[in-house]
Every structure is written in structure tokens, then in C-alpha cells.
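Have a look at the structure below, then the notes.
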Amino acid sequence: MATVQKDVVSFQHVSKVFNGETIALSDFNLSIDEGEFLSFLGPSGCGKSTALRLVAGLGNATQGTVKVFNEPPKQIVQNTNDIAFVFQDANLLPWRTVLDNVLLPLELRGGNKKEQKKEAIRVLEMVGLKEHVKAYPRQLSGGMKMRVSIARALAAKPKMLLMDEPFGALDEITRQTLQLELLDIWKKEDMTILFVTHNVFEAVFLSTRIAVMSARPGRLSSTIDVELPFPRQLSIRTNQKFTDYVDVASDSLENSSEQRELV
Amino acid sequence: MSMPSVEVVKNHEHIKKTEEKKQNSFFAKFKQIYLGPIIAFVVFIAIWQAVPLLLGLKHYILPKPTDVVSAAIEDWHLLWPAVQITVVESVVGFLVSAVVGILVSILLATSKILERSIYPYAIILQTIPVVAVAPIVVIWFGAGYNSIVVISFLIGFFPVISNTLMGLNSVDKNMDELFTLYNASKWQRMWKLRLPAALPYMMAGLKISCTLSIVGAIVGEYIAGIGGGKGGLGYSITVAAIQVKTSYLFACGIAAAILGIGFYLLVSLFANLMLRSWHESAMKVDK
């Protein structure tokens, strides 16, 4: 096949306008390669969540095209389980136990129950919650809920994980643990991850590439390749190279907001 | 993964502690929660007993508690069958309104067009005082049992349908999107998302409906009579009122109240069992 493309996601001149007046995204262009860990970094209102939702087929672009695996996102969502979405709050069903929450995507797909359970246990093991399969979400801490949410996303064996500020509501210590675990999972499961955050440190620590966005209207202001080696440890944060990247990303953020004020 | 296990240990300790506390503080809790209401009840009965005596009121104007009790014992052979009949009528009326109410709600919720075209009429129907249409029911279903159940159903039906529909339509947006992302079918969405999410609303509707169904049964008996069979509480009340058996009237009223409370507690228990594992309304609050 000559047309094999490595782009798993491409935005081409994408605009998104809500209610005919709020411009969330304007002329947004970006290609994302297979296996990347790409963070959308920007202030609130820069359309980073909107971009992520377009990839998941939750909503349509007002102008331009979004393609995922060279197809319209809605089609991918309808026909495959290649995309999984992790919401900002864990978004667990309160009437289901941890195990049943993780089983949900598998149940909706149908198939062998025993296999499904095996798979659910596997991903729960991966996020360290094997002992809590019978607990209900209300019995879990915020960090544990987020782990269940990640396990649920992994259960359907997606090729791409979309995460919308997943660690935004967690305390710093839990957040660090989960960041490390997420990097582990990313390596193990061989996925592409698109990650929305407004935290510069988080973006630099996790990503292979950062898409810095500016607000009103939401635009891509620059992309930064983060060439720090993997596996990354927490100690990397005091590394000169790490702080350099943080500086670059922060500058880029500031520039984009200054531009906004000049307009 | 040390963090979660630490939390679990904490939880266990917490449970243990509260259990110990429960046993130790049983009497303190009794004093705190039940003593007040019991004293209030005794004082109320004492005043009630004293007032007719002091004012010299006749027993057919305001019977004393002792009159009411002796009337209940004396006419127990009338009161007890009447209670049983009313229980059957209201339970049947309640069950029919619960089943029909939930089914109709699901049907309406599956189609926006259907809901939009029918729901306004459901609201209008709800505002019609059932007492006003009860005679029509009697013409259609004949005097006695059938009409009474239908009237009880009509009164109990709307709280179920309006609550259940509200619940089915109040699904969290993110959860709904989750189901979209996994390409869930309409019925998967209904069974696995909308119905469970609506359960707390549904239970609230059933709680309202169960007490209303007793009102419906008694009102039904006023209007539909006994139709050849034995009469329920409503019928007993009409007869006692004509005969000015005021003490017995009080006994009937109290019996109806106990019936209502009992039925309500039963349905609440059922609701708690259904929601126990996850919903806040059914969880014990421990501090």
C-alpha cells in the first residue's frame, strides 16, 4: 500500500464555533504521529478540550477536516474501539463496582464474558487496583477513581488514548504517582496519547511533543519537541534540560497571551 | 502501590470503631433520638384525655383516647376486615400504577417525539382532581372493587411517571458521552445507563405514590361503595359518620394513618435496598 500514512490524527484548517458566536478553535492545523505522547497546553478557553473532543467524534468541526486513522472520527468511534477517552472527573457509574465499571466498554461490545473478565482484571492489575474490584466508586479516593477510569479506557485495547485534564483535580503527590504510571502504561500498551493540560511541568514531564495553544480565538501558537529520554523519573525535574523545556513552554504560553492582549 | 492499601486499612479501622461505638452508645442514642418523641406523645395523649373531661365534651363531639381504644376493640370484627380490604385495594392500585407508570415512562423516554407530544397531556391529566372523575370511573367499571382499584391507580400513577421521566432525562452528560464513545445502542443506553441513573427518582416517585394509593382506595370506597362485597375503611368511615359513631371514626382514621405509615416504611425499605450500595439517599451517615 502506497498510501500508508503514519499520521494517526490530522487537523486541517479546523474551526469550531459554538452557537454561531463563541470561536473555540480557529484555523487549527496539526498532525500527530503514531506512538506520540502529545500534550495540548494552554490557558482555559484556548480550545484544547474542544480539539480533543473533535478527535473523539464528540461534536463536528465547523470548518476544515479532522481525520483519525485517515477516517472521520465518528466513523472510527462507531466501528472500532480504537479511541478511548478519559474524562476530567473519573466519570464512573456509581451503581457499578470497580470491576463492572471496567467491564462496561467490553459489555457494550459484546462477546465472551469470561474473556472480558480476564481482560478487566488484567487492566485493573496494571493500575494497581486488583484488590478493590468489588468496591463502589464512592468508597474510593480521587486518585483511585482516576485509576479505575484509566483501566476502563484501557480495557477495550484502544490504539489511542485521549485524556482531558485527567489529573487536574488530584493532589500533587497522587498526580506524580499517576504520571509515572501513565508513562509506564504508554510504553507497555504501545499507544498514542493525546493529553490536555494547563500545567507546564506536567506537559514537559509526560510528552514527546507539546502543542502550545492560545486563547480567544483558540489557535495553535507553537509546537515543542521534548527530547528528554525515557523512562523518565521524577528526578528529571531538577535536570537543567527539563527546566529549559519548561522555560521554553512558559515563554511560548506568555507570548501567545501577550499577542492576545495586543489584538 | 502503597497508597491505596493504606487507605483501605484506615477504612477497616473506621468500621471497627463505629461498630464498637454503636454497642456502647445504644442507650445514649436511645435517649438522644427516641426519648423526646415518646415524651411528646405521652403528653399529647394526656392532654387529649384531659380536655374532653375538663370541658365536659360529649364523646360524639370529641372522644377521649380511651373511648377510641374501646371503640376499636368493641368493633374489631368490623375494623379488621375493613383494614384488610383497603390494604388489598391500595396495594393492587399501587402496584398497577408503579408498573404502568414505569413502563409508560420508558416508552416515552425512548422517543423524543413521543414524549414531546404526549407528556403535556400527562401533566394536564395530572391536574384533574381524580375525585371529580371518579363517578365516571364507577360508571365504566361498576360499583365496588374494580372501580376502587382504578381510582387508587389514577391517583398513584402520575407521581411515578413524572419522577421516572425526570430521572430518565437527567443522565449526566459525561456518562452519556461515554456511552456514545462506545457506540452503545439505544437499549443498552436505556438498561445500563438511563434506568440505573433514574432509580433514585423512581424510588422517590414510588414513595409518594404508595401513600396516595391509600388515599385513592379510601376515596374510591366513598364513591364506588361496596358493590355487593364487604366494605373497606372508606366504607366503614361513611357508615360510622352517618351513625355519629365518632369514637369509631377516630379509630378508622388512626387505622388509615397507621396503614399509610406502614406502607410508606415498606416502600422506603425497598427503595433503600435498591439504592443501598451506591446512592447517597440510602446511605447511613456516620460522623
Single residue of region B:49-88 satisfying the filter (polar (S, T, N, Q) and more than 28 Å from the chain's Cα centre (by Cα)) that is nearest to residue B:238 (Cα to Cα): B:70
Within region A:135-146, count every residue that is facing chain B (nearest Cβ under 10 Å) and either of a type in the set (Lys, Arg) or crowded, with 18+ Cβ neighbours inside 10 Å (or both). 7
Residue B:121 is checked against (1) touching a Leu at 6+ places or on another chain (Cβ under 9 Å); (2) more than 30 Å from residue A:104 (Cα to Cα); (3) surrounded by fewer than 17 Cβ atoms within 10 Å (Cβ to Cβ) and fails just one. What number does that condition carry? (1)
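Just to verify a result, which residue in region A:121-132, among those that are farther than 21 Å from residue A:89 by Cβ and within 14 Å of another protein chain (Cβ to nearest Cβ), is farthest from the chain's Cα centre (by Cα)?
We begin by selecting, within region A:121-132, every residue farther than 21 Å from residue A:89 by Cβ; these are A:121-122, A:125-126, A:130-131.
Cutting the leftovers down to within 14 Å of another protein chain (Cβ to nearest Cβ) gives us A:125-126, A:130-131.
Working: A:125: 21, A:126: 18, A:130: 24, A:131: 26 Å.
Ranking the candidates gives A:131 first.
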Look through A:185, A:236 and report the one residue that is aliphatic (A, V, I, L, M), in the same structural domain as residue A:38 (by TED's automatic domain parsing) and either out of contact with any helix residue (DSSP H, G or I) (no Cβ under 9 Å at 6 or more places or on another chain) or surrounded by 18 or more Cβ atoms within 10 Å (Cβ to Cβ) (or both). A:185
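Kindly state which strands (runs of 3 or more DSSP E) lie completely within region A:35-113 and contain at least 1 residues that are under 20 Å from the mean Cα position of the chain (by Cα), of a type outside the set (A, V, I, L, M, F, W, C) and closer than 22 Å to residue A:142 by Cβ. Let's see the steps before the verdict.
Numbers: elements: A:37-41, A:63-68, A:83-86.
It comes to A:37-41.
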Within region B:171-179, is there a residue that is touching a residue at least 40 places away in the same chain (Cβ under 8 Å) and aliphatic (A, V, I, L, M)? no
Can you find even one residue in region A:150-159 that is β-branched (Val, Ile, Thr), within 13 Å of chain B (Cβ to nearest Cβ) and crowded, with 23+ Cβ neighbours inside 10 Å? no
Can you find, within region A:74-87, the residue that is farthest from the other protein chains (Cβ to nearest Cβ) among those that are under 25 Å from residue A:171 (Cα atoms) and either touching a Pro at 6+ places or on another chain (Cβ under 7 Å) or of a type in the set (A, V, I, L, M) (or both)? A:86
Cross-chain or 6+ apart pairs with Cβ under 6 Å, region A:6-28 first and in contact (Cβ under 8 Å) with a residue 24 or more places away in the chain, then of a type in the set (Asp, Glu): A:6/A:33; A:6/A:34; A:8/A:34; A:13/A:27
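State yes or no: is residue B:126 free of Cβ contacts under 8 Å to residues at least 12 places away in the same chain and polar (S, T, N, Q)?
In short, no.
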Of the conditions (1) in contact with a strand residue (DSSP E or B) (Cβ under 6 Å, 6 or more places away or on another chain); (2) within 11 Å of chain B (Cβ to nearest Cβ), residue A:90 clears all except one; give me its number. (1)
Picking from A:98, A:66, A:77, A:55, the residue that is within 30 Å of residue B:280 (Cβ to Cβ), touching a residue at least 12 places away in the same chain (Cβ under 8 Å) and crowded, with 19+ Cβ neighbours inside 10 Å would be A:98
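Identify, from the list B:204, B:184, B:198, the residue that is assigned to a helix (DSSP H, G or I) and within 13 Å of another protein chain (Cβ to nearest Cβ). Walk me through how you get there before you give the answer.
Details: B:204 fails: within 13 Å of another protein chain (Cβ to nearest Cβ); B:184 fails: assigned to a helix (DSSP H, G or I).
It is B:198.
Could you identify the single residue in A:108, A:99 that is within 8 Å of another protein chain (Cβ to nearest Cβ), touching a helix residue (DSSP H, G or I) at 6+ places or on another chain (Cβ under 7 Å) and among the hydrophobic types (A, V, I, L, M, F, W, C)?
Working: A:99 fails: within 8 Å of another protein chain (Cβ to nearest Cβ).
When all the criteria are applied, what remains is A:108.
This table checks each residue for (1) part of a helix (DSSP H, G or I); (2) more than 14 Å from residue B:205 (Cβ to Cβ); (3) in contact with a Phe, Trp or Tyr (Cβ under 9 Å, 6 or more places away or on another chain).
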{"site": "B:94", "(1), (2), (3)": "yes, no, yes"}
{"site": "B:102", "(1), (2), (3)": "yes, no, no"}
{"site": "B:107", "(1), (2), (3)": "yes, yes, no"}
{"site": "B:115", "(1), (2), (3)": "yes, yes, no"}
{"site": "B:119", "(1), (2), (3)": "yes, yes, no"}
{"site": "B:123", "(1), (2), (3)": "yes, yes, yes"}
{"site": "B:131", "(1), (2), (3)": "yes, yes, yes"}
{"site": "B:137", "(1), (2), (3)": "yes, yes, no"}
{"site": "B:158", "(1), (2), (3)": "yes, no, no"}
Consider residue B:162 carefully, then state whether it is more than 14 Å from chain A (Cβ to nearest Cβ), touching a helix residue (DSSP H, G or I) at 6+ places or on another chain (Cβ under 8 Å) and without any contact (Cβ under 8 Å) to a residue 60 or more places away in the chain. yes
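The values are calculated or read from the model by the stated rules, or taken from the named source; none is laboratory data. Because the structure is predicted, anything quoted here is derived from the model rather than measured. Cβ sites come from the backbone with ideal geometry, for glycine too, and all protein chains shown count toward neighbours.
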